[in-house]
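Colleague: So that we are looking at the same thing, I have put the structure below in structure tokens.
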Amino acid sequence: TGLDFAHFAALYGARYTRVSGWDEFRAAVGAGVGGRGLHIVEVPTERASNVALHREFWPRVSAALRDAGLVE
């Protein structure tokens with residue numbers, strides 16, 4: 001999107017963390033849950049691979065929901 005969430009966080013006095021891996025993600029979420037106030041955790045993704053994964057998994061999720069009788 002080209003947005004810089006650090007500026008948004010600063011505007012509202014929030015803590016901001018941009019993560020680049022699972023360990024950083026877990027630490028940032030833990031800090032947010034254990035802390036007070038607003039904590040924004042940015043998780044950058046690669047758009048093309050994200051779309052491909054969604055297209056791969058949505059049919060499986062839909063089938064599982066149908067099999068479980070949760071949707072028609």
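The values are calculated or read from the model by the stated rules, or taken from the named source; none is laboratory data. Quick caveat: nothing in here was measured; it's all calculated off a predicted structure. For neighbour counting, all protein chains shown are included, and Cβ atoms are generated from backbone atoms with ideal geometry for every residue, glycine included. Protein only, heavy atoms only, side chains kept; ligands, DNA and RNA dropped before computing areas. Shrake-Rupley method; radii C 1.70, N 1.55, O 1.52, S 1.80 Å.
Colleague: Of all the residues that make up the range 9-24, how many are part of a helix (DSSP H, G or I) and either among the polar types (S, T, N, Q) or touching a strand residue (DSSP E or B) at 6+ places or on another chain (Cβ under 7 Å) (or both)? If you could, list the steps in order and put the result at the bottom.
Modeller: Our first condition is that a residue be part of a helix (DSSP H, G or I); within the range 9-24, this holds for 9-11, 22-24.
Next, only the ones that are either among the polar types (S, T, N, Q) or touching a strand residue (DSSP E or B) at 6+ places or on another chain (Cβ under 7 Å) (or both) stay: 9.
Total meeting the criteria: 1.
Colleague: Shifting gears a bit: Within the range 46-67, how many residues are more than 25 Å from Leu3 (Cα to Cα) and open to solvent by less than 70 Å² (accessible area, probe 1.4 Å)?
Modeller: Qualifying residue count for the region: 5.
Colleague: Continuing with the same structure: Tally the residues that are loosely packed, with under 10 Cβ neighbours inside 10 Å and more than 25 Å from Ala48 (Cβ to Cβ), restricting the search to the range 8-22.
Modeller: 2
Colleague: Here is a further query. Is it true that Ala28 is open to solvent by less than 60 Å² (accessible area, probe 1.4 Å), hydrophobic (A, V, I, L, M, F, W, C) and in a helix (DSSP H, G or I)?
Modeller: Against the criterion (open to solvent by less than 60 Å² (accessible area, probe 1.4 Å), hydrophobic (A, V, I, L, M, F, W, C) and in a helix (DSSP H, G or I)), Ala28 qualifies.
Colleague: Further, regarding this structure: Determine whether the range 35-45 contains at least one residue that is without any contact (Cβ under 8 Å) to a residue 60 or more places away in the chain, open to solvent by 70 Å² or more (accessible area, probe 1.4 Å) and in a helix (DSSP H, G or I).
Modeller: Taking every residue of the range 35-45 in turn, none turns out to be without any contact (Cβ under 8 Å) to a residue 60 or more places away in the chain, open to solvent by 70 Å² or more (accessible area, probe 1.4 Å) and in a helix (DSSP H, G or I).
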